[in-house]
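Engineer: Got a structure here, written out as structure tokens. Questions coming.
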Amino acid sequence: MLMTRGVSDVFLAVSASASSRSPAPPALATGRRLFSALLPPSSSLSSSNRHFGPRRRLGRWSSTMAARAAAQRLENVDELIDSVETFLFDCDGVIWKGDKLIDGVPGTLDMLRSKGKRLVFVTNNSTKSRKQYGKKFETLGLSVTEEEIFASSFAAAAYLRSIDFPKDKKVYVIGEDGILKELELAGYQYLGGPEDGDKKIELKPGFLMEHDHNVGAVVVGFDRYFNYYKVQYGTLCIRENPGCIFIATNRDAVTHLTDAQEWAGGGSMVGAICGSTQREPLVVGKPSTFMMDYLANEFGILKSQICMVGDRLDTDILFGQNGGCKTLLVLSGVTSLQMLQSPSNSIQPDFYTNKISDLVTLKAAAV
């Protein structure tokens, strides 16, 4: 038996050179195209991820953006609200911080609903399903329907549906319960998840680690049970199973499990698989526009009438900009005014304000 080493050993794989790419295996099926190209032309994907349907530009986004005007401090609230049909809200840092509701959120959401605005909550956190997020909203005293919640766990299952991923194929999950529940609701067979967190590698005759050859997709998200077994199992599926696709819920470098410090985010787990497979993932979470296109298609709304509200420049604001929406940065989460105005920052939202309750207080002050 080969005992697993610590999680830190896994991250050595990230430093592996990404210059070589494994040859593209043949596609197993052709899916239908639900959406147009999902990222700017500068985006690139390994050709080995072209399976179960047409190529989708989900994997990378350009870090070099055209020069944009400096963000304006939000002042004319009525003008913004009147020009928007749908508000997309990130959750952590915008609606809540950890398990604590941010001041003024309930009144702000009520005001927007009273004006007939559609509210949608979009999060890169894949640890919960939409139903589980609904319970969190309820616990915090917010009335939000499951249909108004779009988590990256749901996006992973939605992407598989969009490419007609075969139901007789399996999905290997490096991630938590939210992904498993969404895959189950979508009717997909899966293995992995938290239960693989305690597994050790056992070598079979010939010094081989066995894996399921019927796995057609590997989905990687934030995983507090991450270990070497999962890295190797996912790597074998991607490298050895013909047509196996590599999906990432997001590539967030850090997350905030506590307010005291930053913690390694889902991008750390994704990076390990990138290093070991020399493959780039299809990213379904922000700032990839998959969820934006899905929402526009689902609700039949124009992207120009959407405003993305978030606290992160490189995910929330870039997500809105990639989708052609208005963008509002709130300073109640990870981005400070100093970070926004830093000469090294190239991502400028249309507007910024302290927190979303400013939509109410600024409106009242203008009367």
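Engineer: How do the pairs read when you match residues in the range 95-108 that are under 12 Å from VAL360 (Cα atoms) with residues anywhere that are of a type outside the set (Val, Ile, Thr) and not in a helix (DSSP H, G or I), using Cβ under 6 Å and keeping only pairs 6 or more apart or on different chains?
Structural biologist: GLY104/SER357; THR108/SER357
Engineer: Next question, about the same structure. For the range 131-147, name all the residues that are over 18 Å from the mean Cα position of the chain (by Cα) and among the polar types (S, T, N, Q).
Structural biologist: THR139, SER143, THR145, listed by residue number.
Engineer: Here is a list of conditions, (1) more than 29 Å from MET292 (Cβ to Cβ); (2) touching a helix residue (DSSP H, G or I) at 6+ places or on another chain (Cβ under 8 Å), and ASP168 meets all of them except one; can you say which number that is?
Structural biologist: (2)
Engineer: Here are some conditions: (1) free of Cβ contacts under 8 Å to residues at least 40 places away in the same chain; (2) more than 22 Å from PHE150 (Cα to Cα). ALA186 meets all but one. Which one does it not meet?
Structural biologist: ALA186 satisfies every listed condition except (2).
Engineer: Follow-up. Take TYR294 and decide whether it is outside any loop (DSSP other than H, G, I, E, B) and outside the structural domain of PHE89 (by the TED database).
Structural biologist: No; evaluated as a whole, the condition is false for this residue.
Engineer: Might you check whether a residue that is outside the structural domain of SER268 (by the TED database), part of a strand (DSSP E or B), in contact with a helix residue (DSSP H, G or I) (Cβ under 9 Å, 6 or more places away or on another chain) and of a type in the set (S, T, N, Q) occurs anywhere in the range 132-145?
Structural biologist: The answer is no; no qualifying residue exists.
Engineer: I've got another one for you. What number of residues within the range 268-281 are out of contact with any strand residue (DSSP E or B) (no Cβ under 8 Å at 6 or more places or on another chain) and either closer than 10 Å to VAL220 by Cβ or in a helix (DSSP H, G or I) (or both)?
Structural biologist: Summing the residues that are out of contact with any strand residue (DSSP E or B) (no Cβ under 8 Å at 6 or more places or on another chain) and either closer than 10 Å to VAL220 by Cβ or in a helix (DSSP H, G or I) (or both) in the range 268-281 gives 6.
Engineer: Please find, among VAL309, VAL270, VAL330, VAL283, the residue that is touching a Pro at 6+ places or on another chain (Cβ under 7 Å) and at pLDDT 95 or above.
Structural biologist: Within the list VAL309, VAL270, VAL330, VAL283, the selection yields VAL270.
The values are calculated or read from the model by the stated rules, or taken from the named source; none is laboratory data. Here the structure is a predicted model, which means the values were calculated and not measured. For neighbour counting, all protein chains shown are included, and Cβ atoms are generated from backbone atoms with ideal geometry for every residue, glycine included.
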